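A.B. asks: Sending over a structure as structure tokens; questions will come in a sec.
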Amino acid sequence: MSSPITDQIRTAILEKIPDGNVVVEAGSGGGHFTIAVTSPVFAGKSMVDSQRLVYGAIAHLMKGDGAPVHAVDKLTTKTA
């Protein structure tokens, strides 16, 4: 079941990684989330570089005191 925040996260990631399969789930509460992204764009990239792409896509949702995303508890990136 999605929420407005999980939808915003998913949309932001898809804007940067349009061919991605993105799954966003609410985590332990209080703005915590679990994100899994599968995309060929990660091929040949290190895990850190792949995760940077995702974090870069949602950075605007993590800025400021009232940001809807407080933390990403788990981030998984795969090519397939």
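A.B. asks: Is it fair to say Ala57 is modelled with pLDDT of 95 or more, of a type in the set (A, V, I, L, M, F, W, C), surrounded by 12 or more Cβ atoms within 10 Å (Cβ to Cβ) and assigned to a helix (DSSP H, G or I)?
C.D. replies: Yes: the conditions hold for Ala57.
A.B. asks: Moving on to the next point. Just name the residue that is farthest from Gly56 (Cα to Cα) out of those in the range 1-15 that are surrounded by 15 or more Cβ atoms within 10 Å (Cβ to Cβ) and free of Cβ contacts under 8 Å to residues at least 60 places away in the same chain.
C.D. replies: Among them, the one singled out is Thr6.
A.B. asks: Going by the structure shown, is Val41 part of a strand (DSSP E or B) and not polar (S, T, N, Q)?
C.D. replies: So Val41 fails the test.
A.B. asks: How many residues are crowded, with 19+ Cβ neighbours inside 10 Å and either within 11 Å of Ala57 (Cβ to Cβ) or over 8 Å from the mean Cα position of the chain (by Cα) (or both) if we restrict to the range 20-45?
C.D. replies: So the answer is 7.
A.B. asks: Can you run down the residue pairs with Cβ atoms below 7 Å, 6 or more apart or on separate chains, where the first is in the range 66-80 and in contact (Cβ under 8 Å) with a residue 40 or more places away in the chain and the partner is part of a loop (DSSP other than H, G, I, E, B) and loosely packed, with under 12 Cβ neighbours inside 10 Å?
C.D. replies: His70/Gly30; Asp73/Ser28; Thr79/Ala43
A.B. asks: Which of (1) in contact (Cβ under 8 Å) with a residue 40 or more places away in the chain; (2) not in a loop (DSSP other than H, G, I, E, B) is the odd one out, the single condition Gly30 does not satisfy?
C.D. replies: If we test Gly30 against (1) in contact (Cβ under 8 Å) with a residue 40 or more places away in the chain; (2) not in a loop (DSSP other than H, G, I, E, B), just (2) comes out false.
A.B. asks: Out of the residues in the range 6-59 that are of a type outside the set (D, E, K, R) and in contact with a Phe, Trp or Tyr (Cβ under 8 Å, 6 or more places away or on another chain), which is nearest to Lys78 (Cα to Cα)?
C.D. replies: This residue is Ser50.
The values are calculated or read from the model by the stated rules, or taken from the named source; none is laboratory data. Note that this is a predicted model, so its numbers are computed, not measured. In this analysis, Cβ positions are derived from the backbone assuming ideal geometry, glycine residues included, and neighbour counts consider all displayed protein chains.
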